[in-house]
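Colleague: Pasting in a structure now, in C-alpha coordinates, and then I'll have a few things to ask.
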Amino acid sequence: MMLDEALKSLNVPTADFHVAKTVKDAERFAKKLGFPCVLKLVSKKVSHKTEAGGVVIARDLAQVREAAARFTKEGSVLVQEFCDGVEMFIGIKKDQTFGHVLLTGIGGIFVEVYKDVAFRVCPITKRDAESMLDELKGKALLAGVRGKKPVNRAALIDAMVKLSELPRKMPNIEELDVNPFIVGEKQGVAVDARFVLK
Ligand code: ADP
Ligand code: MG
(Lines give C-alpha, C1' and ligand atoms only; values in the text may rest on other atoms or scores of the structure.)
(Ligands and ions follow the chains in the order given, each with its own letter.)
Protein backbone atom coordinates (compact mmCIF):
# COMPACT_ATOMS: atom_id res chain seq x y z
CA MET A 1 0.00 0.00 0.00
CA MET A 2 1.26 3.50 -0.83
CA LEU A 3 1.42 6.13 1.87
CA ASP A 4 -1.25 8.39 0.38
CA GLU A 5 -3.57 5.39 0.06
CA ALA A 6 -2.80 4.42 3.64
CA LEU A 7 -3.57 7.95 4.86
CA LYS A 8 -6.75 7.97 2.84
CA SER A 9 -7.81 4.62 4.25
CA LEU A 10 -7.20 6.01 7.74
CA ASN A 11 -9.57 8.89 6.91
CA VAL A 12 -7.28 11.65 8.14
CA PRO A 13 -8.70 14.89 6.70
CA THR A 14 -6.36 16.74 4.35
CA ALA A 15 -6.51 20.30 2.99
CA ASP A 16 -8.09 20.52 -0.45
CA PHE A 17 -5.47 20.86 -3.20
CA HIS A 18 -4.74 20.55 -6.90
CA VAL A 19 -1.40 20.12 -8.62
CA ALA A 20 -0.94 22.44 -11.60
CA LYS A 21 1.67 22.20 -14.35
CA THR A 22 1.07 25.60 -15.90
CA VAL A 23 0.40 29.12 -14.68
CA LYS A 24 -3.05 29.02 -16.30
CA ASP A 25 -3.95 25.83 -14.44
CA ALA A 26 -2.71 27.31 -11.16
CA GLU A 27 -4.90 30.40 -11.75
CA ARG A 28 -7.91 28.23 -12.48
CA PHE A 29 -7.46 26.18 -9.28
CA ALA A 30 -6.83 29.31 -7.21
CA LYS A 31 -10.09 30.87 -8.45
CA LYS A 32 -11.90 27.67 -7.55
CA LEU A 33 -10.47 27.64 -4.02
CA GLY A 34 -10.83 31.38 -3.41
CA PHE A 35 -8.48 33.75 -1.56
CA PRO A 36 -6.24 33.59 0.29
CA CYS A 37 -4.88 30.32 -1.08
CA VAL A 38 -1.48 28.73 -0.74
CA LEU A 39 0.94 27.89 -3.56
CA LYS A 40 3.74 25.39 -3.06
CA LEU A 41 6.64 24.28 -5.16
CA VAL A 42 6.56 20.56 -5.95
CA SER A 43 10.01 19.39 -6.96
CA LYS A 44 12.01 16.25 -6.25
CA LYS A 45 14.95 18.48 -5.35
CA VAL A 46 13.07 20.41 -2.68
CA SER A 47 11.77 18.81 0.48
CA HIS A 48 11.90 21.82 2.83
CA LYS A 49 9.79 24.19 0.79
CA THR A 50 9.81 27.28 3.04
CA GLU A 51 13.62 27.42 3.08
CA ALA A 52 13.62 27.26 -0.71
CA GLY A 53 11.12 30.11 -1.04
CA GLY A 54 8.61 27.51 -2.15
CA VAL A 55 5.56 28.48 -0.07
CA VAL A 56 3.48 31.55 -0.94
CA ILE A 57 0.20 32.65 0.59
CA ALA A 58 -1.51 34.38 -2.33
CA ARG A 59 -4.09 37.09 -1.64
CA ASP A 60 -5.06 37.71 -5.25
CA LEU A 61 -4.58 36.46 -8.81
CA ALA A 62 -1.52 38.63 -9.44
CA GLN A 63 0.26 36.91 -6.55
CA VAL A 64 -0.84 33.52 -7.87
CA ARG A 65 0.61 34.33 -11.31
CA GLU A 66 3.87 35.56 -9.87
CA ALA A 67 4.46 32.50 -7.67
CA ALA A 68 3.22 30.04 -10.29
CA ALA A 69 5.53 31.52 -12.93
CA ARG A 70 8.47 31.03 -10.60
CA PHE A 71 7.49 27.52 -9.46
CA THR A 72 6.70 26.12 -12.92
CA LYS A 73 10.32 26.78 -13.91
CA GLU A 74 11.45 24.33 -11.22
CA GLY A 75 8.59 21.86 -11.04
CA SER A 76 4.85 21.81 -10.52
CA VAL A 77 2.65 24.00 -8.37
CA LEU A 78 0.46 22.71 -5.61
CA VAL A 79 -2.47 25.04 -5.03
CA GLN A 80 -4.01 24.49 -1.63
CA GLU A 81 -6.87 25.90 0.39
CA PHE A 82 -5.77 28.24 3.19
CA CYS A 83 -6.41 26.79 6.64
CA ASP A 84 -6.75 28.88 9.76
CA GLY A 85 -5.90 27.55 13.21
CA VAL A 86 -3.15 26.27 15.46
CA GLU A 87 -0.27 24.51 13.73
CA MET A 88 0.47 21.15 15.31
CA PHE A 89 2.72 18.37 14.19
CA ILE A 90 1.88 14.71 14.37
CA GLY A 91 4.66 12.27 13.65
CA ILE A 92 5.69 8.66 13.79
CA LYS A 93 9.19 7.45 14.56
CA LYS A 94 10.62 3.99 14.92
CA ASP A 95 12.32 3.78 18.28
CA GLN A 96 15.00 1.12 18.99
CA THR A 97 13.40 0.20 22.29
CA PHE A 98 9.69 0.99 21.97
CA GLY A 99 9.07 0.32 18.29
CA HIS A 100 6.78 2.78 16.50
CA VAL A 101 5.85 5.80 18.58
CA LEU A 102 3.41 8.60 17.86
CA LEU A 103 4.68 12.11 18.56
CA THR A 104 2.79 15.33 18.76
CA GLY A 105 3.55 18.92 19.61
CA ILE A 106 3.16 22.52 18.57
CA GLY A 107 4.12 22.50 14.90
CA GLY A 108 4.91 24.79 12.01
CA ILE A 109 8.25 26.00 10.79
CA PHE A 110 9.63 26.51 14.33
CA VAL A 111 9.04 22.97 15.51
CA GLU A 112 12.78 22.42 16.10
CA VAL A 113 12.89 25.62 18.15
CA TYR A 114 10.04 24.76 20.52
CA LYS A 115 11.03 21.11 21.08
CA ASP A 116 7.62 20.74 22.74
CA VAL A 117 6.85 17.07 22.18
CA ALA A 118 4.86 14.27 23.77
CA PHE A 119 4.99 10.66 22.61
CA ARG A 120 3.36 7.26 23.19
CA VAL A 121 3.77 3.80 21.71
CA CYS A 122 1.52 3.11 18.68
CA PRO A 123 -1.37 2.56 18.46
CA ILE A 124 -2.72 5.08 20.97
CA THR A 125 -6.17 5.52 22.48
CA LYS A 126 -8.18 8.74 22.72
CA ARG A 127 -7.26 8.88 26.37
CA ASP A 128 -3.54 8.64 25.47
CA ALA A 129 -4.00 11.47 22.99
CA GLU A 130 -5.70 13.62 25.65
CA SER A 131 -2.88 13.13 28.11
CA MET A 132 -0.26 13.82 25.39
CA LEU A 133 -1.87 17.18 24.67
CA ASP A 134 -2.01 17.96 28.40
CA GLU A 135 1.76 17.40 28.61
CA LEU A 136 2.55 20.11 26.06
CA LYS A 137 3.98 23.42 27.24
CA GLY A 138 2.04 25.08 24.44
CA LYS A 139 -1.28 23.47 25.40
CA ALA A 140 -2.81 26.88 26.17
CA LEU A 141 -2.77 27.59 22.42
CA LEU A 142 -5.40 24.88 21.99
CA ALA A 143 -7.68 26.45 24.57
CA GLY A 144 -7.79 29.73 22.63
CA VAL A 145 -5.54 32.74 23.19
CA ARG A 146 -5.81 36.41 22.25
CA GLY A 147 -9.51 36.35 21.56
CA LYS A 148 -9.45 33.10 19.61
CA LYS A 149 -12.00 30.39 20.31
CA PRO A 150 -10.74 27.00 21.50
CA VAL A 151 -9.75 24.60 18.73
CA ASN A 152 -11.62 21.43 17.92
CA ARG A 153 -9.61 19.22 20.22
CA ALA A 154 -11.65 16.14 19.28
CA ALA A 155 -10.62 16.55 15.61
CA LEU A 156 -6.96 16.69 16.63
CA ILE A 157 -7.29 13.67 18.89
CA ASP A 158 -9.10 11.76 16.18
CA ALA A 159 -6.26 12.39 13.71
CA MET A 160 -3.64 11.38 16.29
CA VAL A 161 -5.43 8.10 17.02
CA LYS A 162 -5.90 7.35 13.29
CA LEU A 163 -2.29 8.11 12.42
CA SER A 164 -1.12 5.89 15.25
CA GLU A 165 -2.76 2.97 13.38
CA LEU A 166 -0.50 3.54 10.36
CA PRO A 167 2.42 1.31 11.46
CA ARG A 168 0.00 -1.62 11.70
CA LYS A 169 -0.99 -1.06 8.05
CA MET A 170 2.52 -0.14 6.92
CA PRO A 171 5.15 -1.83 9.11
CA ASN A 172 7.86 -0.52 6.76
CA ILE A 173 7.22 3.06 7.82
CA GLU A 174 10.36 4.44 9.50
CA GLU A 175 9.29 8.02 9.90
CA LEU A 176 6.29 10.21 9.20
CA ASP A 177 5.96 13.93 9.76
CA VAL A 178 2.61 15.62 9.35
CA ASN A 179 3.61 19.24 9.85
CA PRO A 180 1.55 21.22 10.08
CA PHE A 181 -1.71 19.59 11.00
CA ILE A 182 -3.78 22.77 11.30
CA VAL A 183 -6.56 22.60 13.84
CA GLY A 184 -9.13 25.37 13.99
CA GLU A 185 -12.42 25.96 15.76
CA LYS A 186 -14.31 23.67 13.43
CA GLN A 187 -11.92 21.19 11.87
CA GLY A 188 -8.42 19.86 11.67
CA VAL A 189 -6.57 19.07 8.43
CA ALA A 190 -3.19 17.72 7.39
CA VAL A 191 -1.45 20.35 5.27
CA ASP A 192 2.05 18.94 4.71
CA ALA A 193 3.55 15.47 5.14
CA ARG A 194 6.94 13.85 4.72
CA PHE A 195 7.83 10.23 5.26
CA VAL A 196 10.62 7.69 5.15
CA LEU A 197 9.96 4.06 4.26
CA LYS A 198 12.34 1.21 4.80
P1 ADP B 1 7.54 23.12 4.39
O2 ADP B 1 7.39 22.41 5.69
O3 ADP B 1 8.07 22.20 3.31
O4 ADP B 1 8.33 24.38 4.49
P5 ADP B 1 4.64 23.56 4.52
O6 ADP B 1 3.68 23.05 3.52
O7 ADP B 1 4.64 22.89 5.86
O8 ADP B 1 6.09 23.55 3.86
O9 ADP B 1 4.37 25.12 4.72
C10 ADP B 1 5.16 25.90 5.58
C11 ADP B 1 4.30 26.80 6.43
O12 ADP B 1 3.43 27.58 5.62
C13 ADP B 1 3.38 26.05 7.38
O14 ADP B 1 4.03 25.70 8.59
C15 ADP B 1 2.27 27.07 7.59
O16 ADP B 1 2.70 28.07 8.50
C17 ADP B 1 2.15 27.72 6.23
N18 ADP B 1 1.14 27.01 5.43
C19 ADP B 1 1.37 26.03 4.52
N20 ADP B 1 0.24 25.58 3.98
C21 ADP B 1 -0.77 26.27 4.55
C22 ADP B 1 -2.20 26.27 4.40
N23 ADP B 1 -2.81 25.45 3.54
N24 ADP B 1 -2.91 27.14 5.16
C25 ADP B 1 -2.31 27.99 6.02
N26 ADP B 1 -0.98 28.04 6.21
C27 ADP B 1 -0.20 27.20 5.48
MG1 MG C 1 5.90 21.43 6.68
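Colleague: If r is the Cβ-Cβ distance from residue 169 to residue 117 and R0 is 35 Å, what FRET efficiency results, to the nearest 0.05?
Modeller: Details: r = 24 Å, r/R0 = 0.67.
Taking R0 as 35 Å, the efficiency between residue 169 and residue 117 is 0.90.
Colleague: What part of the accessible area of the chain, given as a whole %, is carbon or sulfur when the probe is 1.4 angstrom?
Modeller: 54
Colleague: How far apart, in nanometres, would the label points at residue 16 and residue 137 be if each is projected 7 angstrom from Cα along the Cα-to-Cβ direction?
Modeller: Each label point lies 7 Å from its Cα, and together they span 3.8 nm.
Colleague: Right, something else. Rounded, prolate or oblate: which one fits region 69-184, using the alpha carbon gyration tensor with axes a ≥ b ≥ c (rounded when a/c is under 1.5, else prolate when a/b beats b/c, else oblate)?
Modeller: Oblate.
Colleague: Run the simple label-point estimate for residue 69 and residue 145 please: 7 Å along Cα→C-beta, distance reported in nm.
Modeller: The modelled label-to-label distance comes out at 4.0 nm.
Colleague: Could you work out how far helix 23-33 tilts from the main Cα principal axis of the chain, as a 0 to 90 degree angle to the nearest 10?
Modeller: Its long axis makes an angle of about 60 degrees.
Colleague: For residue 110, project a label point 7 Å along Cα to C-beta. Then give me every residue of region 161-198 with its amide nitrogen under 19 Å of that point.
Modeller: 179-184
Colleague: In whole Å, what is the distance between the alpha-carbon centres of region 83-139 and region 149-198?
Modeller: Cα centroid to Cα centroid, the span is 9 Å.
Colleague: Read phi for every residue in region 49-55 and hand back ³J(HN,Hα) as whole Hz from Karplus 6.51 cos²θ - 1.76 cosθ + 1.60, θ = phi - 60°, with x for Gly and Pro.
Modeller: 5, 4, 4, 8, x, x, 10
Colleague: Here is a further query. At 1.4 Å probe size, with every protein chain present, just tell me what the per residue accessible area of the chain comes to in Å².
Modeller: Dividing the accessible area of the chain by its residue count gives 57 Å².
Colleague: Would you mind listing how long the chain runs along its three principal axes, going by Cα atoms, in whole Å with the largest first?
Modeller: Rounded to whole Å, the extents work out to 48, 44, 30 Å.
Colleague: Where does helix 153-163 land angle-wise versus the long Cα axis of the chain, in degrees 0 to 90, nearest 10?
Modeller: Roughly 80 degrees, rounded to the nearest 10.
Colleague: Related question: Can you give the Rg and Dmax of region 14-125 based on its C-alpha atoms, in angstrom?
Modeller: In Å, with Rg to one decimal and Dmax whole: 17.0, 52.
Colleague: How high is the relative contact order of the chain, given as a whole-number percent (alpha carbon pairs under 8 Å, six or more residues apart)?
Modeller: Value for the chain: 23 percent.
The values are calculated or read from the model by the stated rules, or taken from the named source; none is laboratory data. Fair warning: this is a prediction, and the values are worked out from it, not measured in the lab. Cβ: placed from backbone, ideal geometry, glycine included. Neighbour counts: every protein chain shown. Ligands, DNA and RNA are excluded from the accessible area calculation, which covers all protein heavy atoms including side chains. Shrake-Rupley method; radii C 1.70, N 1.55, O 1.52, S 1.80 Å.
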